[in-house]
2 protein chains.
Amino acid sequence: MAETAFPAGADPITNRERDNERIRRGEVDTPSSLLMRFSEPLTLDSGAVLSDWQIGYQTYGRLNEAKSNAVLLCHALTGDQHAANRHPLTGRAGWWETLVGPGRPIDTDRYFVICSNVLGGCSGTTGPASLDPSTGEPYGLDFPVVTIADMVRAQARLVEALGIETLFAVVGGSMGGMQVLQWGVSYGDRVFAALPIAAGTRHSPQNIGFHEVGRQAIMADPDWRGGRYEAAGLRPKKGLSVARMAAHITYVSEAALARKFGRALQDRDMVTYGFDADFQVESYLRHQGSTFVDRFDANSYLYLTRAMDYFDLALQHDGMAANAFLGTMTRWCVISFTSDWLFPTAESRTVVHALNAAAAEVSFVEIETDKGHDAFLLDEPSFDSAVRGFLKGAARARGLPVGAP
Amino acid sequence: MAETAFPAGADPITNRERDNERIRRGEVDTPSSLLMRFSEPLTLDSGAVLSDWQIGYQTYGRLNEAKSNAVLLCHALTGDQHAANRHPLTGRAGWWETLVGPGRPIDTDRYFVICSNVLGGCSGTTGPASLDPSTGEPYGLDFPVVTIADMVRAQARLVEALGIETLFAVVGGSMGGMQVLQWGVSYGDRVFAALPIAAGTRHSPQNIGFHEVGRQAIMADPDWRGGRYEAAGLRPKKGLSVARMAAHITYVSEAALARKFGRALQDRDMVTYGFDADFQVESYLRHQGSTFVDRFDANSYLYLTRAMDYFDLALQHDGMAANAFLGTMTRWCVISFTSDWLFPTAESRTVVHALNAAAAEVSFVEIETDKGHDAFLLDEPSFDSAVRGFLKGAARARGLPVGAP
């Protein structure tokens, strides 16, 4: 990370300080995350105020002298700040290593890349699992409901604390795409280029429905205890697992499920006439559910799904999403995937139409793939090319070195 | 119902006999269902044998002298035998009154219509809530897993018991459509005409996935008690409700949800920044869940979803669905709906292709509608016309009176 003078009210904590105990216990062998603590209050859309809060984040690459090469990555619902480093707890590769790294489309040899855990999350940033300063206990459902705009508000404070006035680019998919859109709306003058991927101007009724199923599954789990599971030494694992299984189906396409699993059986020659995971697709979904509960907080899942449900740019702007972007000077590149049925291309088109109506500079790329909504997290060469090409053009316009054409 | 001499091993029980107590308690004011009890064993695909079993059914119209005007209706996952009469417990109209009744496309003035609750169901027919004769307790998970072919096997016994050699038509949608297909395969010589609606030759991996989510939601409910909830005086209402909510989203189309609800709020002017059902679509889904648990048995839900998962005509016939239909003399009419994403038109086309490959007499109708999978249960004039027209043509070929052209 570049040397930065941190402003008053922003207090960086070294990862080692936070993780000393874990490292001592041998649970993690690498620093997990940077932390920035803020003592200046954050006022939320709901009117609630967080007086003492923090953001967990990671950076990759170096901030240049002009501080003009910073790229902010916005993560999706169950993502975190570990976009391009091995996850300190799960040991898995960063969730965007396909796209972010030296020589990659978001090239850490050229750009200073920041990725922070969202407000309401569970990976270092203040959320429902954090301690409520007024009680000394985890907030649980006393944590205020946050919005996408609140997440962006918090990120803007982090970016300020890092001494960056204007981001070269903001990039993200799904819930991350919503944040990118909100950055362009709330802080348009601080964003040179924006890439909202697999998103829309608002969350659709069907998607609200799927989220509500997940929330009800969590709340139906008696171990959820009205959100106070931590005090009871419990976790609503079964409910959260069901929520994840249902959601996961929406992240992949029917075609991909058919290609990967079809009706193939799991480690058996014929069906068992029972309720075991006879089919590979069942086994796969159960695995998605059971591994998720080890890395994600159930209350955070409630809060972040709610933030997505509430997202509606038109509602923020007299019923017209186009009004959200009036006067935007940001260069936009909107990306969708043909087999994404959670945020289908039609949703991305609503973004493009709103930007067009605001006379914005916008390009639109629909990527042909059978990988569904999660395509933005997977190895998809034409997607990589689109991101690389757009950023290169924007870098040239920004006067950043772009290397060979 | 026509006067019939019932064969040995089939014993009709009057509805009044069964419902006397309920009627005395004033819970129902009409007879609820006919029952046929069978003492001759039923051997299932799994190899298990039901030695003492029964079918709950309803009939409408009159069987003609030649016994050539019988139409069997096959219900979907959560349907029952009350296709065209007020439901004795819920008081709601029959689930297919749009299609079945005097003068309706399935005209009870012309046809003798039979609808029976499926094996494994919870509305009179033997299922997991029935008493296991070997223990005197409800079967629970000791009930053998049944298949679509088992359901049809049981229905065939009912049809025989009613003295009918050949059905004029077999009609059904979704799981009912699977049964129609299986009728054509298992008892093709007893089916003059067949209408599989919104079905396919096998259950898709995505649909298996959604079913598995529902099953896991039920089994995650501590009140499920390994399927022995009845003995404990409990019911896994929360889990079953979540299962129903998730499934219900798949029964409707995104367009219909957008048209009916959009992002409209439920009885409020602005969001509450909380986890109440702020949006109408949430309230609607919660209602779907909470009303379902009052009329459906959770274990039956496990069994019937499993039967659908196992359905695969190709697997039954050396990997070729077409082989299932070789030599079929039945007249087929396959129907799909443009906005059905659970059983999309492509699935119906697999049926049509298999029938074509078997040189069957088949017509195919894709109905333009935004109502999704459930369109077959809703008022959809072009669907009604298609069913009416096909049955009229088949009736003419069968030598049945068809009235004015």
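Nothing in this text is a laboratory measurement; each read-out follows from the coordinates by a stated rule. Predicted model, so just to flag it, every value in this text is computed and none were measured. Here the Cβ positions follow ideal geometry from the backbone for every residue, glycine too, while neighbour counts run over all protein chains shown.
Some observations on this one:
- Computed on the Cα trace of region A:120-244, the radius of gyration divided by the Kirkwood hydrodynamic radius gives Rg/Rh = 1.04.
- Residue list for region A:334-376, given a label point 7 angstrom along the Cα-to-Cβ vector of B:Arg259 and an amide N cut-off under 20 Å: A:344, A:346-347
- With the simple model of a label 7 Å out from the Cα in the direction of the Cβ, B:Asn323 to B:Asp142 spans 3.8 nm.
- Intensity falloff of region B:270-405 expressed as log10 I(q)/I(0), Debye formula with alpha-carbon point scatterers, at q = 0.18, 0.21 Å⁻¹: -1.20, -1.29
- Taking all Cα-Cα distances within region B:258-342, those exceeding 16 Å account for 75%.
- Annotation: the residues B:Cys122, B:Cys74, sorted from fewest to most other C-beta atoms within 10 Å of their own C-beta, follow the order B:Cys122, B:Cys74.
- Rg and Dmax of region A:42-127, both derived from C-alpha coordinates alone, stand at 14.3, 43 Å.
- Nearest-first distances (nm) between copies at B:Arg228, label 7 Å from Cα via Cβ: 3.2
- Extent along principal axes [Cα atoms of chain B; Å; largest to smallest]: 65, 49, 45
- Which of A:Phe383, B:Phe337 has the fewest Cβ neighbours within 10 Å, and the rest in rising order: A:Phe383, B:Phe337
- Sorted shortest first, the separations between the A:Glu165 label point and its copies elsewhere in the assembly read 9.5 nm; each point sits 7 Å from Cα along the Cα-to-Cβ line.
- Here chain A carries DSSP beta bridges of which approximately 40% are antiparallel, counting only pairs with both residues inside.
- For region A:207-296, the alpha carbon convex hull comes to 119 Å³ per residue, rounded to a whole number.
- Peptide-level mean, for B:278-288, of C-beta atoms on other protein chains within 10 Å: 4
- Label-point distances for A:Gly274 to the equivalent site in the other copies, using a point 7 angstrom along Cα→C-beta, read 4.6 nm when ranked shortest first.
- Three-way shape label, region B:47-86, alpha-carbon gyration tensor, a/c 1.5: oblate
- Cβ crowding within 10 Å, taken as a proxy for footprinting-reagent exposure, orders A:Asp132, B:Asp150 from fewest neighbours to most as A:Asp132, B:Asp150.
- Mean ellipticity per residue at 222 nm, deg cm²/dmol - from DSSP H runs of n ≥ 4 across chain A, formula -39500 (n - 2.57): -11000 deg cm²/dmol
- Loop sites by DSSP among the GluC sites (Glu not before Pro) of chain B, restricted to those with at most 12 other Cβ atoms within 10 angstrom, leave B:166-367 as the longest stretch without any of them.
- Descending principal axes extents, the protein assembly as shown, alpha-carbon based, whole Å: 96, 53, 52
- Ranked by the mean number of other Cβ atoms within 10 Å of their residues, highest first, the peptides A:298-305, B:41-48 come out as A:298-305, B:41-48.
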